[in-house]
Every structure is written in C-alpha cells, then in structure tokens.
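Some notes on the structure that comes next.
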Amino acid sequence: MSIRILTAVPICDGHDSAINTINLEFIRHGVEVVYLGYNRSAKDIARAALQEDVVAIGISTYNGGHIEFFEEVIERLDRFQLQPAIKIFGGGGGTITHEDAEIMYAGGVDRIFFAGTSLAEMLTYLKTGYGNVAQRPYDPSFAGTEQFLSRALTLAECEAGSFPKAPDQVPAGIQPGRRTKVIGVTGPGGAGKTTLIDEVVYRFLRTRPENQRVAILSHDPSMIGSGALLGDRATMIYSQNDRVFMRSVATRGQAGGLSPSTGHCLRILVESALFEVILVETVGTGQEAIPFGIEMLAVDQAVLVMPPDYGSRLQLQKIAMIDAADAIVVNKSDLQGSRTAVAEIEYRIRTNQKGQTLIRTQANRHGDTGVDQLFELLLGEK
Ligand code: B12
C-alpha cells in the first residue's frame, strides 16, 4: 500500500515551485500525492484530506501567517475528528523561523523543514513516520459519515486484488439505496476532461435541489516506482463545494484508464446512497482503450472527450472508444481544426448507426452552450 498524502500552498500564496519539486521526489519514490495546488484555504485543505483519506498533509508556505494557517487547518481537522490522526508537516525556507516552528509544534504540527534540508531527508521522514499508517482500521462510530465512506474507499483500494467482493462484505453502515446515475468520462490526455467535468458539476449544483449531491471518482496514472500525482482537485474548482465528494484514484499498474479498485470503489459510492450522480473520469487514454461499456466498467452513459487535433482522419478510425461512447465531445472548440474534427467524427459515427450524440464544447469558457447541451443530455430533467 502506497503512502498517501495531500500537499498544498496556503491562501494568498503562489510560491509553488518548492512543493512541485518535493511532490515529484515523493512520487518518484512511491508516494501517492494528492496535490491541491496553491492559494488554498484551510477549509479546502481539511475537507480534501478527509475525502481523500490521506495519512498526512504537507504545506509549503512563504507569504507569512503560517502559525495561524497551520493552526486553522488543525482546528478544522479537529472538527472532522481527524486530529491527531492526520499529521501535518511542511516548510517555507527562511520564512518560518525556529521560534515559529516551536509554537507550531506545540499546536500539533508534526514537523517543519527548514532551508537546506535535503529531499532525501524529507523522504526518510515520510517513509519512517507514515509507512504503516495506511493500515489504520476504520472506526465504526463514524458509520454513515464522509470519514467512513472515504475509509471504505481506502480499504477497497488495499483489497483491489480480491474484487469483486460479495455484497455482505460491504462495510457496515453503507446501505443499498436510491438510484444513482453513473457517468463515465474518458479521452486522451489534454482533451480537457477535468475542466469539462467541473463545468458539468457547476451546472448540477446550480440547477439541482440543495439536498442532491454528486461524487467524482477521478483517476491519474501511477508512475514507475508506484507513486502518483493525483492533481485533478487543483483544477476542479467546484469539488470544494460541500455537495461534492471527490476521490482521486491512482491506476496502480492497470492499463486502460482505470484502477484495479475502480469497480469496488464505484460500488461503495453507489451503495452509500449519498449521491444522485457519480462521475468517473479515466486517465488520459490511448486509441485502444474502452474503459466503459463493453468489457470493463458498467456505466449509465459513457462520454468520450476529444481535442480537435487528433491527427488525421486515419487516426480517427483507430479510436476504439468512438464505437462505445454514448456521447462524443469535441472540446477546445476555439482551437483551429475543430470544425473539421466535428465533420469527420460526425461522418464516422453516422456509419455506426447507434444514435450517438456529437457535441462541440469549449469547457474553459463559463456559460458555454456546448457544455449546457452536454449537461442537458446527461443530467437534464426528462
Ligand atoms: C522563488 C521565489 C519567488 C517566485 C515564486 C515562483 C514559484 N512559482 O514558486 C516568484 C518570483 C514568482 C516570487 C514572487 C513573490 N515573492 Co517570492 N520568493 C522566492 C524565493 C526566492 C525562493 C522560494 C523557493 O521556492 N525556495 C526553494 C525551496 C525548495 O527551498 P526553501 O525555500 O529553502 O525550502 C526548504 C524547506 O523549507 C523545504 N520546504 C519548503 N516547502 C516545503 C513543503 C513541504 C511539504 C516540505 C516537506 C518541505 C518544504 O524545502 C526546502 C528544502 O531545502 C524566496 C526567497 C528565499 N530565498 O527563500 C522569495 C520570498 C519567499 N518571496 C517573497 C515575496 C515577498 C514575494 C512576492 C510577494 C513579491 C512581490 N512583491 O510581488 C511575490 C508573491 C507571489 C505570490 N503569488 O505569492 C518573500 C516573502 C517574505 C515574507 N514572507 O515575509 C521572500 C522570502 C523573499 C524576501 N526575502 O523578501 N517569489
């Protein structure tokens, strides 16, 4: 089991170069790092740590206010009853003095790294301090809460080899319930899947009643050495909304876009009965990948997101998912070649005769009518 941590840079701070280097070093040595990005509030950090079920949070801070900021993160973890279970560590070169660090340790911070510390030293700290923490048993007194759900997902990841599991092995407290719609989103890296999902989630939050929630199961590739940079939270702005539950999953050696534990994790999310919709995002996939639909994961609707620049018409013929998707989205439609792409894909799916829908979107633009159309197709009121 990989060590799973979350890293972030505090609010009003854009110094991300140190944490980017540190993240890479951790990943190269087998750590799964959920990276939240820079300019993140204490609330965002604590909430993400809860949903991602990490063993520790690493904060890189340079613009001052670190004593108060770490204090607030700890206080928010405390509200979730995750303190002292989730450890906090960090650094900020010369901006954190030794005197500051003493105050921070007294307040519950585990370790501050000062200027001049080697990456190897940080890695040793992580491996010796948190190497076994992932095996923590989950606490039945949390049943029905997000803590419980996120811990169940961790257990599912640990036991991925034994999937599928018998229904009576579903962790207690997770009940079969209302019908949850599952939507799979796949496509090559750089097509804009994450931004598109974020915009769909935004429309869900805006149009659906306050009591309806959405879950996102987002995949990123594991690297050689088994670590992974789980970075989709940094892009998904609306994942910080309290009606959204987001979980990042590393592929852990499985090809094709998903992880060995995806099926099990999805079942746990469905059976929690907490969500109207679950959006499953694959890693950037290749031409041969069919992660949803035919042989792999059953979803209600599968969406293939394509950039306009897939190469040539010949390349298009080789993309297997074009035959399996319910909807094909040509995103980044502001880029040159998007009209040609739409025409070529239209021609291709017409010969499929499967009633597939083709939509042109520009997901990085708020209020895009193509995304409206996609939302209507997937989640509009029937
Ligand atoms: C690079 C840099 C920038 C770059 C940032 C690029 C980027 N994308 O990160 C740029 C030029 C953009 C920049 C801008 C600014 N900067 Co600047 N910047 C620095 C600088 C020179 C280095 C910081 C750095 O990355 N160090 C490299 C890391 C790897 O080494 P380290 O800091 O020694 O950290 C060690 C440990 O602490 C540990 N560590 C660090 N973080 C973490 C996290 C974890 C989890 C772990 C385990 C370990 C760890 O890793 C290192 C190991 O040896 C510092 C000065 C300095 N020499 O420290 C100023 C500094 C941090 N910046 C400063 C300021 C004021 C600014 C600006 C406000 C300037 C302005 N007026 O516009 C802006 C703010 C930008 C913003 N949006 O926040 C001040 C902060 C002063 C303060 N807090 O009182 C500093 C200290 C300069 C100064 N002496 O005045 N900055």
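The values are calculated or read from the model by the stated rules, or taken from the named source; none is laboratory data. Computed from a predicted structure; not experimentally measured. Don't worry about glycine lacking a Cβ; one is built from the backbone with ideal geometry, like all the others, and counts go over all protein chains shown. Just the protein is used for accessible areas: all its heavy atoms, side chains included, with ligands, DNA and RNA removed. Shrake-Rupley method; radii C 1.70, N 1.55, O 1.52, S 1.80 Å.
Worth pointing out:
- Amide H contacts under 5 Å for residue 181, placed H, 5+ residues apart: 277, 278
- Distance between the pseudo-spin-label points of residue 28 and residue 226 (7 Å out from Cα toward the beta carbon): 1.9 nm.
- Between 0 and 90 degrees, the angle of helix 369-379 with respect to the longest Cα principal axis of the chain falls at about 90 degrees.
- Spin-label model distance (nm) - residue 334 vs residue 124, 7 Å beyond Cα toward Cβ: 4.9 nm
- Inverse of mean 1/r across different Cα pairs in the chain, Kirkwood, Å: 21.7 Å
- Magnitude of the charge dipole, the chain, Cβ model with Lys/Arg +1 and Asp/Glu -1, debye to 20: 1060 debye
- What the Cβ-Cβ distance of residue 117 and residue 78 gives, at R0 = 25 Å and to the nearest 0.05, is a FRET efficiency of 0.35.
- Applying both filters, DSSP loop and at most 16 other Cβ atoms within 10 Å, to the GluC sites (Glu not before Pro) of region 214-301 gives 288, 295.
- Region 179-191 - phi-based ³J(HN,Hα) in whole Hz, Karplus 6.51/-1.76/1.60, Gly and Pro as x: 5, 10, 8, 10, 10, x, 10, 9, x, x, x, x, 6
- Distant-in-sequence amide H partners of residue 191 (H built 1.01 Å from N, under 5 Å): none
- Most to least accessible of 313, 40 (protein chains only, probe 1.4 Å): 313, 40
- With the simple spin-label model, which puts each label point 7 Å out from Cα in the Cβ direction, the residue 237 to residue 106 separation comes to 4.1 nm.
- Per residue, the solvent-accessible area of region 62-134 (1.4 Å probe, heavy atoms of protein chains only, all protein chains present) comes to 51 Å².
- Partner aspartates and glutamates for residue 318 [C-alpha distance under 19 Å; skip if fewer than 8 residues away on the same chain]: 288, 295, 309, 326, 344, 346
- Residues in region 25-42 carry Karplus couplings, in order, of 5, 4, 4, 4, 10, x, 8, 8, 10, 8, 9, 8, x, 9, 6, 10, 7, 4 Hz; the curve used is 6.51 cos²θ - 1.76 cosθ + 1.60 with θ = phi - 60°, and Gly or Pro positions show x.
- When 347, 202 are compared by accessible area at a 1.4 angstrom probe, the order from most to least is 347, 202.
- Theoretical gain in end-to-end length, residue 211 to residue 287 [0.36 nm per residue, Cα-Cα removed]: 23.4 nm
- Shape call, region 42-136: gyration tensor on alpha carbons, a/c limit 1.5: oblate
- Here the Karplus relation 6.51 cos²θ - 1.76 cosθ + 1.60, evaluated at θ = phi - 60°, turns the backbone of region 67-82 into coupling constants of 4, 5, 5, 4, 4, 5, 4, 4, 5, 6, 5, 4, 4, 7, 6, 10 Hz, with x for every Gly and Pro.
- Note on residue 365 and residue 273: with the Förster distance fixed at 35 Å, the Cβ-Cβ geometry gives a FRET efficiency of about 0.50.
- Long-range amide H partners of residue 245 with built H, under 5 Å: 214, 215, 216
- Average Cα contact separation per residue, the chain, under 8 Å, 6 or more apart, as relative contact order %: 17 percent
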